[in-house]
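Asker: Have a look at this one.
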Amino acid sequence: MKTFSSETAISIQNILFPTDFSRESMSALPYALTMAQRYGSKFYPVHISPEPIGAPASVREGIKVLGARPGDDTEQGIAMLEAQLPHIPYEMIFRKGDIWAELSEIISTKQIDLIVTGTHGRSRIGKLLAGSVAETIFRHAPCPVLTVGPAVSGEPGSIVDLHEILFATDFSETSLAALPYAISLAQQNGARLYLLHVLQRSAAASEMALRNGLRNLVSPTIAMDCEPKVFIEYGPPAEKILEFADELAVDLIVLGVRQPPSYIEATRHLRLATAYTVASQAVCPLLTVRASG
């Protein structure tokens, strides 16, 4: 089982903030600005006018997820956004076309290190396909994605003053891709790191072995203010992660996510991914990291 022993400080030089100026997307703005100020990042607010109403159904569903809507309120939204921008370097970007295709190109050309986005709540998500644009952002983006859901209740400043971080893993390479970020953020903030493994049913491996596996993920050579705490739980992964985040009053959840074999396969998958469910219902922001390859 892999043990992480290297200490790499997180560097965030460029932050992307996709918005349609809706309440849901704008709720993530204070978190994005706080991160930009903390890390001295260049800030990229992005508004993409989606395909017209006559576009294929799959495209229209994707538009709904991000919340983008055509209308005459774009200028009002721009003015509202500019009024909230502090004295940080920023560049507004406006595009028209396929939302994910445009975002992908911007991520590449602007060398984005972090995406900060808002998302809708449970009632809307339940009607959408797992391959929609909002989920596609954190499944396919080559950089970490910070998602602020409608249930998030903490102050935006807590995202740069972390006290409790929850990292959930199934020990796969996919989930462990996010562990270096959880460790680095815990080190930078002097935060407590909780390591959680959720089983849907009793496993052949003993609980003690699983606990040791969690403990061994973080090398004792890594300097941390607080020794990581480990937990083994049984039940639906998303449900248990959400319960723990609430009970422990964590400031951030960190998860690794996998890239679907193909976009077409993802859009046919009717069950929402654990990460997307957590992002939509968590009481704190969710940081997702996609495994490379």
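Laboratory data are not the source of any read-out in this text; all were calculated from the coordinates shown. In this text, all values refer to a predicted model and were calculated from it rather than measured experimentally. Cβ sites come from the backbone with ideal geometry, for glycine too, and all protein chains shown count toward neighbours.
Asker: What chymotrypsin sites (Phe, Trp or Tyr not before Pro) in the stretch 207-254 are in a loop by DSSP, with at most 14 other Cβ atoms within 10 Å of the Cβ?
Answerer: When the chymotrypsin sites (Phe, Trp or Tyr not before Pro) of the stretch 207-254 are filtered for loop state and at most 14 Cβ neighbours within 10 Å, nothing remains.
Asker: What order do you get for 274-287, 207-220 when each peptide is scored by the mean count of other beta carbon atoms within 10 Å, highest first?
Answerer: Per-residue Cβ counts within 10 Å, averaged per peptide and sorted highest first, yield 274-287, 207-220.
Asker: For L199, what residues show an amide H to amide H distance below 5 Å, using hydrogens built from the backbone and excluding near sequence neighbours?
Answerer: So L199 has HN proximity to E233, Y234, G235.
Asker: Need one number: nm distance between label points at S108 and E247, each 7 Å from Cα along Cα→Cβ, rounded to one decimal.
Answerer: Going from the S108 label point to the E247 one covers 4.5 nm.
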